[in-house]
Amino acid sequence: MKTSYKYLTRTLLLVSILTQTATLRAQNPIVQTYYTADPAPMVHDGTAYVYTSHDEDSTVNNFFTMYDWRCYSSTDMVNWTDHGAVASLKDFKWHNKSNGAWAPQCIERNGKFYLYVPIHGEGIAVLVSDSPTGPFIDPIGKRLIESDHIWQDIDPTVAINDNGQAYLYWGNPGLWYVKLNDDMVTYDQSIGENGIVSIDMNPEAFGSIEGRDGQKRASYTEGPWFYKRDNLYYMIYAAKGIPEYVAYSTAPTAEGPWTYRGIIMERADNLAFTNHAGIIDFMGKSYFFYHDQSLSKGEGFKRSVCVEQFSYNKDGSIPLIKPTKEGVQKSVAFLNPYNRVEAETIAWSEGLKTAVNKQTGVYLTKIENGDYLMVRNVDFGKGCKEFEAAVASNSNGGKIEIRLDNSEGEMLGTLDVEKTGDWQKWAVQSCKIKNTKGIHNLYFVFKGDEGLLFNFDWWSIKP
């Protein structure tokens, strides 16, 4: 019996380790509460932000159904906080489009944040805010880019060079740019055709692909991502038509000439028929953002943002990057549970959604029995004694099981969530938890009766 007990103990320990490892592998996609696409990362004041388009849960006529743009942030690259829909088509009063909120990008200048967005069939527009998470407003009351190829005016990308000149690139299947003025909402009309410069799309600059007519043409398709690193300007883009690869070119100046450098991401089964990439350096490491169709189990009109960490080669070239389920495995910081932590800060979740109201901002909702969320690399320090959470419930409430390292891991405690009388009547409720030290992944497993249990705004642990 003694030997059997040891064997059983070791077996259970191994199962626990394997379960934790398997869970850690599921880091991509980084958002599970909504379908997100076209990631546009930005670093500001020690925080990484990613702006995304948003594929609705239901599609219309088997096409992209996209009404707004969302924002997520992280200080560790493994836990992402949902800031909700920071802009939508409704912010523009000058058009009548009810669909088409496609790939955005945001940039900061002089304390203002400029969000460049395409409205499919209406060209490129701009919004401005005092905060990276909005609210954004329309500063000019019309489209920003006035061209003769308006349906091709999609996927804006913006960067500011060393002397302060801002460039806005965009386009499918061509590539155009303007030199933005210092106000970031108008552009220099003295160059190109009414201020718009068309890039020569030749195979030397953007790779080659054989067209239907048998002729070679540039492999560039859409989704440009423009930035400078060291002495090189980079142009990342979707290439080779559909299904799309991700490739890149480099140039010595912001205006070219461009030289094709190769493929960054090839096709893979979990990728959608489109792809859209963005790259940032954050806390001394480099990250490649893209989207796939794994969360929707193969529906190309319901995409999800993913991230991979990579390193540039010594000559500045970008290696071939494989899309993975593991994603970013090493965080650049630990999560402090003794501060207030928003419930919508998530590394991985199952069955949950977020919502927003004026009183609480963004909060976690659609919580049912068996759903859970996980936050990674929580630093318990020298120990803890109590857990508290802001919750609201108009049902019989439920329970939050607080577990370590996996969804069936060691139980630290259970918060019995009591009915508050309304889904928006919030109360701070608490429970005692086991004293825990060190770095752990922390799971909140939700239990209760059938149906909706409660809403969840924030949590904190007392040392």
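Under 29 Å Cα-Cα from Lys330, which lysines qualify once same-chain neighbours fewer than 8 residues away are excluded?
In chain and number order, the partners are Lys228, Lys285, Lys297, Lys302, Lys314, Lys322, Lys353, Lys382, Lys385, Lys434, Lys437, Lys462.
Which of the lysines could a cross-linker bridge to Lys93, judged by Cα under 18 Å and excluding same-chain residues fewer than eight apart?
Lys142
Considering Cα pairs under 8 angstrom that are at least six residues apart, work out the relative contact order of region 352-415 and quote it in whole percent.
Relative contact order of region 352-415: 19 percent.
Going Cα to Cα from Lys216, which aspartates and glutamates come in below 16 Å? Please leave out same-chain ones fewer than 8 positions away.
Within the straight-line limit of under 16 Å, Lys216 reaches these aspartates and glutamates: Asp200, Glu204.
Sort Leu412, Leu320, Leu373 so the one with the fewest other Cβ atoms within 10 Å of its own Cβ comes first.
If I rank by nearby Cβ atoms, fewest first, I get Leu320, Leu412, Leu373.
Counting pairs of alpha carbon atoms under 8 Å apart in space and at least six apart in sequence, what relative contact order in percent does region 28-310 give?
Relative CO of region 28-310 lands at 16 percent.
Quick one: Tyr72, Tyr234, fewest Cβ neighbours within 10 Å first, how do they rank?
Fewest-to-most Cβ neighbours within 10 Å comes out as Tyr234, Tyr72.
Just add up the charged neighbours of Ile119: K/R +1, D/E -1, any other residue whose Cβ is under 11 Å from the Cβ of Ile119.
-1
If you average the alpha carbon positions of region 409-430 and of region 35-82, how far apart do those two centres end up, in angstrom?
Spelled out, the Cα-based centre of one part sits 29 Å from the other.
Quick one: net charge around Val86, please, counting Lys, Arg +1 and Asp, Glu -1 for every other residue with C-beta under 9 Å from its C-beta.
0
What is the sum of charges, Lys and Arg at +1 and Asp and Glu at -1, for the other residues whose Cβ falls under 12 Å from the Cβ of Asn172?
With Lys, Arg at +1 and Asp, Glu at -1, the neighbours total -4.
Can you give the relative contact order of region 84-131 as a percent, counting alpha carbon pairs under 8 Å and 6+ residues apart?
Normalised by residue count, the contact order of region 84-131 is 29 percent.
Based only on other Cβ atoms within 10 Å, what is the fewest-to-most ordering of Ile140, Ile145?
Lowest count first: Ile140, Ile145.
I need the phi-derived Karplus couplings for region 204-218: 6.51 cos²θ - 1.76 cosθ + 1.60, θ = phi - 60°, integer Hz, Gly and Pro marked x.
5, 8, 9, x, 10, 8, 8, x, 4, 8, x, 8, 6, 9, 5
Taking only Cα atoms, what is the 0 to 90° angle, nearest 10, from helix 2-25's long axis to the longest principal axis of the chain?
On a 0 to 90 degree scale, this one is about 30.
Work out the charge dipole of region 313-452 with +1 on the Cβ of Lys and Arg and -1 on the Cβ of Asp and Glu about the Cα centre, then indicate which of Ile367, Asn357, Leu320 is farthest towards its positive end.
Ranked along the dipole, the leading option is Leu320.
Which entry is the computed percent of Cα pairs over 36 Å apart for this structure: (1) 22; (2) 32; (3) 25?
Computing percent of Cα pairs over 36 Å apart and matching it to (1) 22; (2) 32; (3) 25 gives (2).
How long are the three semi-axes of the equivalent ellipsoid for region 163-318, computed from the Cα gyration tensor as the root of 5 times each eigenvalue, in whole Å, largest first?
They are 26, 20, 16 Å, listed from largest to smallest.
Each value in this text was obtained by applying a stated rule to the coordinates, not by laboratory testing. Model, not experiment: these values are computed from the prediction. Cβ: placed from backbone, ideal geometry, glycine included. Neighbour counts: every protein chain shown.
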